[in-house]
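Nothing in this text is a laboratory measurement; each read-out follows from the coordinates by a stated rule. These figures come from a predicted structure and were not determined experimentally. Because the Cβ atoms are built from the backbone with ideal geometry, glycine has one as well, and the counts that use them run over all protein chains shown.
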Amino acid sequence: MLSPSEGRINWQGANIHSLGEEYFTQLTYFGHRPGVKDELTTFENLRVAAGLSGIALSTQKAAEALQKVGLAGRESVPARLLSEGQRRRVSLARLAICTTKLWLLDEVLTALDKTAIAFVGSLIEEHLAQGGMAIVATHQDLELSRGLTQRLELTK
Amino acid sequence: MLRWIVWRDLILAWRRRADALSTLFFFVIVVSLFPLGIGPETELLRSIAPGVVWVAALLASMLSLGRLFANDHQDGTLEQLLLTPQPLYLVVLGKVVAQWLTSELPLVCIAPLLGVQFGLSNETLKILVISLVLGTPVLSFIGSIGAALTLGLKSSSVLISILVLPLYVPVLIFGAGAVEASIMGLSPSSLIYLLSSVTVLSLIFAPWATAAALRISIE
């Protein structure tokens, strides 16, 4: 993800290795594993994630983000009691609060239901409309408005 | 940012306090077995006390090191930590500080009580605590390198011991030596100074090495 097996990754003209943390201030990554701590509550998970990315997150904003991803009323439930899909929604809430330019989303739709998939689509569209970028790798269908996106199909 | 990591790890440790408690109990039991096994020979007990307490502290810290990064690695939060917009040095520092507070500080606090079983004088108990306060951070810092290097490996706990215990030797010698000097009525200050220098060195260099090791393990 950070050191390619071939070639180089540039961000705004500079190699990401020389940019270091500067690149990470622009990046939000969503990986295979949701990155949610079992022992923390939904709310705490989101707050820690925001704090570590340097985002000041008010309780109000956090509640809104959790409501957006469909976790309203579960703010103080420990993440270990959530289902797999719900845990991924906690992680998705990070996308709703982050202010970064580039999103790397790896299999972001896994374990999500139809409404959640539609929500992810709208989240990405909103992000693109604001001038953001997103690289999405997925095996499921994700309908995005055509104008802003490019689709690469990888075959063996 | 540093405080978020420390805060997070302290809360996690509190919600999983059985882990931290098991380290503490291990330390207490190992140290307490010696007086029971050897019998009430005050002179002998007093002379082995520094070594016993320090070796038990080294072994106890082995128990908690395996968890330092493994849990975060499993649920994917380590990836997120590596991608946060701050030097990885600080992330590691925060995690090690939290590990010291939850796993090593309780050992330091209970050590004087265990020292009494060995018939140590008040003055010596004071030196024991000072040497542990200075020495246990080194255990956490050096241990974090081993924990990062063995991340994701199958027999990581055994590997950590093999990697890290030899590196603990200077701390053990200086730490136990200071307490021993105090028992024999000599001034332990020179050994305490040496121990402090090891602590400062590990504080400066270990997080950096751990960060490099983490990057290798994650890639």
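Which value at 222 nm does chain B reach when only helices count, each DSSP H run of 4 or more adding -39,500 (n - 2.57), with the total divided by all residues and rounded to the nearest 500 deg cm²/dmol?
Using -39500 (n - 2.57) per qualifying helix, the result is -27500 deg cm²/dmol.
Would you list, by chain and number, the aspartates and glutamates whose Cα falls below 17 Å from the Cα of A:Lys37, excluding same-chain residues fewer than 8 positions away?
The qualifying aspartates and glutamates are A:Glu75, A:Glu84, B:Asp9, B:Asp19, B:Asp72, B:Asp75, B:Glu79.
How far is helix B:189-218 tilted off the main Cα axis of chain B, in degrees rounded to 10, range 0 to 90?
The helix B:189-218 is inclined about 30 degrees to chain B.
Please report, for the Cα atoms of chain B, the Rg to one decimal and the Dmax as a whole number; what are they, in angstrom?
Over chain B's Cα set, Rg and Dmax evaluate to 17.7, 58 Å.
How would segment A:10-148 be classified by its alpha-carbon gyration tensor: rounded, prolate or oblate, with rounded meaning a/c under 1.5 and the a/b versus b/c comparison settling the rest?
Judged from the Cα gyration tensor, segment A:10-148 comes out oblate (a/c at least 1.5, b/c at or above a/b).
Taking θ as phi - 60°, what are the ³J(HN,Hα) couplings along segment A:8-16 by the Karplus curve (6.51, -1.76, 1.60), each to the nearest whole Hz, with x for Gly and Pro?
Result, rounded to whole Hz: 9, 10, 10, 10, 6, x, 10, 4, 5.
Under 5 Å between amide hydrogens, which residues at least 5 positions from A:Ala134 or on another chain qualify, with H placed 1.01 Å from N in the peptide plane?
Residues meeting the amide H criterion: A:Trp103.
Taking chain B as the reference, fit the longest principal axis to its C-alpha atoms, fit the long axis of helix B:88-99 to the helix C-alpha atoms, and give the angle between the two in degrees, 0 to 90, nearest 10.
Roughly 40 degrees, rounded to the nearest 10.
Relative to the longest principal axis of chain A, what angle (0 to 90°, nearest 10) does the C-alpha long axis of helix A:84-97 take?
Helix A:84-97 sits roughly 70 degrees off the main axis of chain A.
If each DSSP helix of 4+ residues adds -39,500 (n - 2.57) and the sum is divided by the residues in chain A, what number results at 222 nm, nearest 500 deg cm²/dmol?
Helices in chain A give a 222 nm mean residue ellipticity of -11000 deg cm²/dmol.
When we measure straight from the Cα of A:Lys68, which lysines land under 16 angstrom away, once same-chain ones fewer than 8 places off are left out?
By straight Cα distance, A:Lys68 reaches A:Lys114.
Looking at segment A:70-155, which trypsin sites (Lys or Arg not before Pro) are DSSP coil and have at most 15 other C-beta atoms within 10 Å of their C-beta?
When the trypsin sites (Lys or Arg not before Pro) of segment A:70-155 are filtered for loop state and at most 15 Cβ neighbours within 10 Å, A:Arg151 remain.
Through the Karplus equation 6.51 cos²θ - 1.76 cosθ + 1.60, θ set to phi - 60°, convert the phi angles of segment A:29-41 into ³J(HN,Hα) values in whole Hz; use x for Gly and Pro.
Ordered by residue, 3J(HN,Hα) equals 10, 10, x, 4, 8, x, x, 10, 7, 4, 7, 8, 6 Hz.
Please report the antiparallel percentage of DSSP beta bridges with both residues in segment A:1-136, rounded to the nearest 5.
25 percent
At a threshold of 8 angstrom on Cα-Cα distance, excluding pairs fewer than six apart, so keeping six or more, what relative contact order does chain A reach in percent?
Here the relative contact order equals 24 percent.
Rounded to whole Hz and in sequence order, give me ³J(HN,Hα) for segment B:59-68 from the Karplus expression 6.51 cos²θ - 1.76 cosθ + 1.60, θ = phi - 60°, writing x for Gly and Pro.
Each residue of segment B:59-68 in turn: 5, 5, 5, 4, 4, 8, 5, x, 7, 3 Hz.
So how far apart, in nm, are the two label points at A:Thr110 and A:His32 if each is 7 Å from Cα heading toward Cβ?
A separation of 0.6 nm, rounded to one decimal place.
Could you state the number of Å between the C-alpha centres of segment A:26-97 and segment B:81-143?
32 Å
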